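Peer 1: Here you go, one structure.
Since every read-out is calculated from the coordinates, none of them should be taken as a lab result. Computed from a predicted structure; not experimentally measured. Methodologically, a virtual Cβ is constructed for each residue, glycine included, from the backbone with ideal geometry; neighbour enumeration extends over all protein chains shown.
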Amino acid sequence: MQIRIVAVGKIREDYIAAAVADFRKRIVPYHRLTIDEIRAADGTTPARAVASEGDAILASMAPSDHVWLLERGGTELSSEALSERIEALAVGGTPKITFVIAGTFGASAALQERANVLWSLSKLTFLHEWARAIVLEQLYRAAKIARNEPYHH
């Protein structure tokens with residue numbers, strides 16, 4: 001299955017970039033993975049940033065994309081439930097899942113409406129850089145669970 005991560009902004013911290021690179025490498029044996037960064041809207045109001053970033057994210061998607069938007073009010077899933085949902089999509093013929101991490105001020109209403117799934121990582125709030133690393137770690141864990149492979153080496 002093709003997995004695509006669309007995230008607003010760049011990773012600035014080296015230690016987070018290293019974690020992202022590590023989990024990216026670990027996922028490759030299980031899924032084709034691409035990560036696309038959308039430029040953060042700087043020097044504008046929060047409302048304009050949300051609209052601008054949302055438009056850029058939507059423009060980067062194909063109509064056929066199955067979209068999971070990270071949203072604090074979304075559904076929380078266990079690692080096992082995440083694995084089951086991803087595998088069910090793959091078995092059902094979904095060729096690609098796009099996971100979206102919106103910008104600092106959140107996701108536009110249009111982006112929320114476009115999403116097939118609103119997914120919350122936790123009731124906690126994470127930096128966007130951390131969210132990207134956590135999503136990748138959970139995708140790797142989900143792949144290991146689906147194949148009954150041990151997570152720790």
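Peer 1: Straight-line reach from Lys25: which lysines have Cα under 27 Å away, leaving out those fewer than 8 places along the same chain?
Peer 2: Lys25 reaches Lys10, Lys96, Lys144.
Peer 1: Tell me whether the stretch 1-45 comes out rounded, prolate or oblate; compute the Cα gyration tensor, take square roots of the eigenvalues as a ≥ b ≥ c, and use a/c under 1.5 as the rounded threshold.
Peer 2: Oblate, because a/c is 1.5 or more while a/b does not exceed b/c.
Peer 1: Could you let me know the centre-to-centre spacing of the stretch 138-153 and the stretch 46-94, using Cα atoms, in angstrom?
Peer 2: 21
Peer 1: On to the next question. Along the positive direction of the dipole of the stretch 2-146 (beta-carbon charges: Lys, Arg +1; Asp, Glu -1; about the Cα centre), which of Ala62, Ala143, Pro46 reaches farthest?
Peer 2: Towards the positive end, the residue furthest out is Ala143.
Peer 1: What dipole magnitude, in Debye to the nearest 20, does the stretch 2-146 give about its Cα centre under +1 on Lys/Arg Cβ and -1 on Asp/Glu Cβ?
Peer 2: Roughly 240 debye, rounded to the nearest 20.
Peer 1: Can you list the trypsin sites (Lys or Arg not before Pro) in the stretch 1-67 that are in a DSSP coil and have 16 or fewer other beta carbons within 10 angstrom?
Peer 2: On the way: sites: Arg4, Lys10, Arg12, Arg24, Lys25, Arg26, Arg32, Arg39, Arg48; in loops: Lys10, Arg12, Arg39.
Here the trypsin sites (Lys or Arg not before Pro) that fit, given the DSSP loop and packing criteria, are Lys10, Arg12, Arg39.
Peer 1: Around Pro150, with a cut-off of 14 angstrom between Cβ atoms, what is the net charge of the other residues, counting Lys and Arg +1 and Asp and Glu -1?
Peer 2: Summing Lys and Arg as +1 and Asp and Glu as -1 gives +3.
Peer 1: Given the stretch 12-100, what whole percent of its Cα pairs are spread farther than 23 Å?
Peer 2: 39
Peer 1: What shape does the stretch 65-153 have by the C-alpha gyration tensor, where a ≥ b ≥ c are the square roots of the eigenvalues, rounded means a/c under 1.5, and otherwise prolate means a/b greater than b/c and oblate the rest?
Peer 2: oblate
Peer 1: Angle between the Cα long axis of helix 128-146 and the longest principal axis of the chain, 0 to 90 degrees, nearest 10?
Peer 2: 20
Peer 1: Moving on to the next point. May I have the pair-distance distribution P(r) for the chain, computed from all Cα-Cα distances with 5 Å bins from 0 and rounded to whole percent?
Peer 2: Spelled out bin by bin, the chain gives 2, 9, 19, 23, 22, 15, 6, 3, 1, 0 percent.
Peer 1: To check you understand DSSP bridge types, tell me what percent of the beta bridges within the stretch 2-146 (both residues inside) are antiparallel, rounded to 5.
Peer 2: Working: 1 of 23 bridges.
Here the share of antiparallel DSSP bridges comes out near 5 percent.
Peer 1: Skipping prolines and chain starts, which residues have an amide H placed within reach, meaning under 5 Å, of the one on Trp119, given they are 5 or more residues away or on another chain?
Peer 2: Long-range HN contacts for Trp119: Leu69, Leu70, Glu71, Thr75.
Peer 1: For the chain, find the longest principal axis of its Cα atoms and tell me its angle to the long axis of helix 46-59, 0 to 90°, nearest 10.
Peer 2: Value to nearest ten degrees: 50.
Peer 1: Oh, and also: Could you put Val117, Val20, Val28 in order, starting from the residue whose Cβ has the fewest other Cβ atoms within 10 Å?
Peer 2: Val28, Val117, Val20
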